Every structure is written in structure tokens, then in C-alpha cells.
Amino acid sequence: MRTAAVLAAAMLLGAACVSTPPELPELRLPDISDGERSTYEVTRNDTVLYRTALTLTFDEELSDPAGSGAPVPTVVVTGSVQPVGAEVFFFDSSVVVSRRDSFLPLRSWRSIVTDMSELEIEGRYVPGRATITKRTVEGVVEEAVKLPWPTFVIDILQTFLRAVPPVSGTAFTMGVVVPIEFRTVPVKISVLGTKLVSTPLGDIMCREVVASSPNRELRFQYELAEPHRFVGMRDVSNETRMLLVEYEPGRPDSLLPER
């Protein structure tokens with residue numbers, strides 16, 4: 001009888017420890033035009049370290065490789081990072097293809113080239129799992145990574161947060177997958193108050209959004225008005241700042257189709 005009671009208590013304890021999946025706020029891409037391009041400068045102590053550019057395009061692809069099923073609308077985020085000074089050479093480019101209705105990833109690709117090395121990281125995503133392949137001069141490594149729900153690709157975190165309602169007090173926890181490290185990280189998102197951000201394009205009233213992990217805190221600023229442009233970011237951990245310096249809205253006749 002005592003053994004049965006102990007087993008029953010253990011089962012109850014186990015059931016109590018099962019966590020329910022976190023709820024996300026309703027995600028909605030703002031009124032972005034196809035081909036929108038934003039350029040940023042990353043600085044530390046007023047020294048420009050490098051420039052990064054982000055381009056958003058819309059596409060669609062078959063949900064089934066065999067060709068059956070309706071096409072899935074996608075958003076494609078292309079990023080490129082280059083140094084400003086000629087004394088340092090590197091080039092970092094990435095492409096992430098996500099579902100347009102949820103930002104859940106379908107594929108990702110990244111290439112990093114320096115004067116010392118070169119590597120490529122490719123990710124293929126299905127619900128609950130990622131298959132990540134890393135290619136270097138030393139060979140190819142492929143690993144399967146379990147994805148807790150919901151998990152998004154870290155390379156488009158700054159773009160993903162544009163879809164979060166800019167309502168102060170909004171807070172939730174999600175996962176981000178870091179393909180280059182074959183791992184996922186829990187991240188807490190908190191929407192804070194407004195902040196006027198000075199940029200080369202003028203002063204922009206923004207909503208601040210904090211993304212914090214166990215050992216890092218990023219503070220993003222998003223324009224309050226549509227299309228909620230990503231204006232800037234401060235990395236509290238390494239004291240760097242990212243600021244919008246150029247913006248091209250894309251084709252005015254190609255707003256995101258009605259969802």
C-alpha cells in the first residue's frame with residue numbers, strides 16, 4: 001500500500017511540474033512594402049564598428065515538397081554586415097525564410113567570411129525540430145536541434161519584434177535558435193514605454209522593447225507609427241548601439257497583402 005501511495009504521489013508531482021506552452025500575443029506584420037531596405041551603423045564609444053543592412057521581401061512556396069497543398073505566404077529577411085574601415089576584413093550575410101502569418105522559420109542560411117576563415121550554416125525547420133548543417137574548411141557537421149514552442153531564428157529577432165503589438169506592458173517568453181551554436185536560448189520579451197530617438201533621418205518617437213536572456217539584455221526601439229520601423233538597439237552587455245541611418249520603403253504599390 002505504501003509503495004502504491006508513493007508512486008501515486010510521484011505521478012501527481014510529475015504532472016504538476018509539466019509546464020504549459022507560453023501564449024504569444026497576436027502577431028501582425030505592419031504595413032511593410034515588398035523590398036523595404038534599412039541600413040544601420042553599429043557603434044561603441046562613438047566609433048563606428050560596421051554597417052548592417054536588412055531587406056524584407058515577400059514570397060510564397062509550397063507547403064509540401066511533392067507539390068500538394070496550398071502555397072504558404074512567406075517573408076524573407078536578408079541581412080548583410082560589412083566593416084567600415086579597410087583595416088578589418090569580414091563579411092557576414094544571412095537569409096531567413098519564415099511563415100508570414102507566424103514568423104515560424106522554414107529555412108535559414110548564413111555565410112561568414114574573414115581573412116582567416118570561411119563558414120556556412122544552413123538550417124531547415126519543421127515543427128519541434130531543426131536540422132542544422134555547418135560547413136567549414138575542416139568539414140561538415142550536421143545536428144538535429146529540438147525546438148521548444150515557440151522558437152524563432154535569432155538572425156531576425158529585430159524584425160520579428162516589429163510584429164509584436166506595441167502596447168506597453170506586453171510580456172511573454174519564447175525561444176530563439178542560434179544555428180551557429182546548435183542550440184536554443186529562452187528569451188523574455190517586455191514592451192516598455194516610449195522614447196524619442198535621434199537619428200540622421202530625424203527624431204523618431206519609438207516604443208522600447210527589451211529582449212533578455214540569462215546573460216544578455218538587448219533594448220530595441222521601434223517607431224510608434226506604421227510601419228513600426230526598427231530604429232535602433234542598445235546591447236547592454238557589450239555597450240554597443242545600432243542606429244538607423246538610411247531607409248528605403250520599397251515599392252509603394254506592393255504593401256503586404258491583407259491577412
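Per-structure values
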| read-out | value |
| --- | --- |
| Which listed residue is within 14 Å of the chain's Cα centre (by Cα), at negative phi, surrounded by fewer than 20 Cβ atoms within 10 Å (Cβ to Cβ) and in contact (Cβ under 8 Å) with a residue 24 or more places away in the chain, from LEU161, LEU157 | LEU157 |
| Looking only at the stretch 24-34, and only at residues there that are within 18 Å of the chain's Cα centre (by Cα) and either among the hydrophobic types (A, V, I, L, M, F, W, C) or within 19 Å of GLU248 (Cα to Cα) (or both), the one that is surrounded by the most Cβ atoms within 10 Å (Cβ to Cβ) | ILE32 |
| Positions within the stretch 68-119 being of a type in the set (Asp, Glu), in a strand (DSSP E or B) and either under 20 Å from the mean Cα position of the chain (by Cα) or at positive phi (or both), in sequence order | ASP92 |
| Residues (aliphatic (A, V, I, L, M) and part of a helix (DSSP H, G or I)) located in the stretch 120-158 | ILE154, ILE156, LEU157 |
| Selection count, the stretch 177-216, where residues are in a loop (DSSP other than H, G, I, E, B) and at pLDDT 95 or above | 3 |
| Filtered residues of the stretch 153-167 (kept if at pLDDT 95 or above and in contact with a Gly (Cβ under 8 Å, 6 or more places away or on another chain)) | VAL153 |
| Any hit, the stretch 163-175, residues being assigned to a loop (DSSP other than H, G, I, E, B), under 24 Å from LEU56 (Cβ atoms), among the small types (Gly, Ala, Ser) and out of contact with any strand residue (DSSP E or B) (no Cβ under 7 Å at 6 or more places or on another chain) | no |
| Among the residues listed as ARG229, ARG241, the single one being modelled with pLDDT of 95 or more, touching a Gly at 6+ places or on another chain (Cβ under 8 Å), crowded, with 17+ Cβ neighbours inside 10 Å and not polar (S, T, N, Q) | ARG241 |
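The values are calculated or read from the model by the stated rules, or taken from the named source; none is laboratory data. In this text the structure is predicted, and so the values were computed from the model without any measurement. Every residue, glycine as well, gets a Cβ built from its backbone with ideal geometry; the counts of neighbours run over all protein chains shown.
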